[in-house]
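Student: Quick one: structure below, then a few questions.
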Amino acid sequence: MSRPSRRHPALDFYARGVFPMAQAADDPAVFLVEPDFRGVFPLQGLRLPRRLLRTVRQDRFVVRVNSAFPEVLDACARPERPGAWINPALRRMYLEMHASGSAHSVEAWREGRLAGGLFGVSLRGAFFGESMFSVETDASKVALAHLAAHLVRGGFRLLDAQFLTDHLASLGAEEIPRPAYLERLAGALEVEGVIGAPAVLSGAEVLQVISQVS
């Protein structure tokens, strides 16, 4: 993947350990968040239940990178979703960041239809997960497994989940205090990660990469 043509100014927030959010999808205000405790995925500790391992291995979904970023963003931003927070200002920001090469989507496709996916922001060796969605069972989880493999192959050191939830904890995410997070972030910003090359991995390749570091 080519380097960004220009650095989006919002990346300065991420570099400081804060990130933008809105209270709700219909609230025009944007504010910065710096949690006392941060959810992160140890790239060496992604946990996939047996059923999900089978789904990944069987290539039930075709998983691509950056082939439908606006569609993934809009699916995550639907105002009817519980807890929807991506307002028009944030949507514009993420589209700008994608155009400049610093926001990415991972999409799970089935029979030519978008079944689920996720998107986030990358900065050097850190990837900041923003949101994920599914319209078919396990689609977003499969996308997450593929993302982890891409990040490991690309030399990333941090996969930020923002806030820990029971769902994310079941997949291996953990909660760490702000000072520990900032230390991990500083280490990630010392390296240059590359995401999306090659753009498509098989399920077997994904599991091989994850098993090498787990």
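The values are calculated or read from the model by the stated rules, or taken from the named source; none is laboratory data. For clarity, every value in this text was computed on a predicted model and none was experimentally measured. Glycine gets a Cβ as well: all are built from the backbone with ideal geometry, and neighbour counts include every protein chain shown. These area figures cover heavy atoms from the full protein model, side chains too; ligands, DNA and RNA do not enter into them. Shrake-Rupley method; radii C 1.70, N 1.55, O 1.52, S 1.80 Å.
Student: Pick out the one residue from 95, 114 that is assigned to a helix (DSSP H, G or I) and either on the phi < 0 side of the Ramachandran plot or open to solvent by 40 Å² or more (accessible area, probe 1.4 Å) (or both).
Tutor: 95 is the lone residue from the list that is assigned to a helix (DSSP H, G or I) and either on the phi < 0 side of the Ramachandran plot or open to solvent by 40 Å² or more (accessible area, probe 1.4 Å) (or both).
Student: Would region 177-190 turn up any residue that is open to solvent by 70 Å² or more (accessible area, probe 1.4 Å), more than 26 Å from residue 55 (Cα to Cα) and touching a Phe, Trp or Tyr at 6+ places or on another chain (Cβ under 6 Å)?
Tutor: no
Student: Taking the residues in region 98-111 that are in a strand (DSSP E or B) and either open to solvent by 10 Å² or more (accessible area, probe 1.4 Å) or touching a His at 6+ places or on another chain (Cβ under 9 Å) (or both) as candidates, determine which candidate is nearest to residue 7 (Cα to Cα).
Tutor: 103
Student: On the basis of being crowded, with 20+ Cβ neighbours inside 10 Å, touching a residue at least 60 places away in the same chain (Cβ under 8 Å) and aliphatic (A, V, I, L, M), does residue 72 make the cut?
Tutor: Spelling it out, residue 72 is indeed crowded, with 20+ Cβ neighbours inside 10 Å, touching a residue at least 60 places away in the same chain (Cβ under 8 Å) and aliphatic (A, V, I, L, M).
Student: Which of the residues that make up region 78-92 are open to solvent by 70 Å² or more (accessible area, probe 1.4 Å) and part of a helix (DSSP H, G or I)?
Tutor: Those that are open to solvent by 70 Å² or more (accessible area, probe 1.4 Å) and part of a helix (DSSP H, G or I): 88, 91, 92.
Student: Modelled with pLDDT under 95, surrounded by 14 or more Cβ atoms within 10 Å (Cβ to Cβ) and not in a helix (DSSP H, G or I): which single residue out of 159, 201, 168, 207 fits that description?
Tutor: Every option except 201 fails the conditions.
Student: Look through region 20-68, keep the residues that are of a type in the set (Lys, Arg) and in a strand (DSSP E or B), and return whichever of them is most open to solvent (accessible area, probe 1.4 Å).
Tutor: Checked region 20-68; the qualifying residue most open to solvent (accessible area, probe 1.4 Å) is 64.
Student: How do the pairs read when you match residues in region 179-206 that are in contact (Cβ under 8 Å) with a residue 40 or more places away in the chain and among the small types (Gly, Ala, Ser) with residues anywhere that are in a helix (DSSP H, G or I) and open to solvent by 40 Å² or more (accessible area, probe 1.4 Å), using Cβ under 8 Å and keeping only pairs 6 or more apart or on different chains?
Tutor: The qualifying pairs are 203/57; 204/57.
Student: Criterion first (touching a helix residue (DSSP H, G or I) at 6+ places or on another chain (Cβ under 8 Å), without any contact (Cβ under 8 Å) to a residue 60 or more places away in the chain and among the aromatic types (Phe, Trp, Tyr)) does residue 61 satisfy it?
Tutor: Answer is no for this residue.
Student: A further question on this structure: Any idea how many residues of region 124-155 are over 12 Å from the mean Cα position of the chain (by Cα) and either within 20 Å of residue 34 (Cβ to Cβ) or of a type in the set (Phe, Trp, Tyr) (or both)?
Tutor: 1
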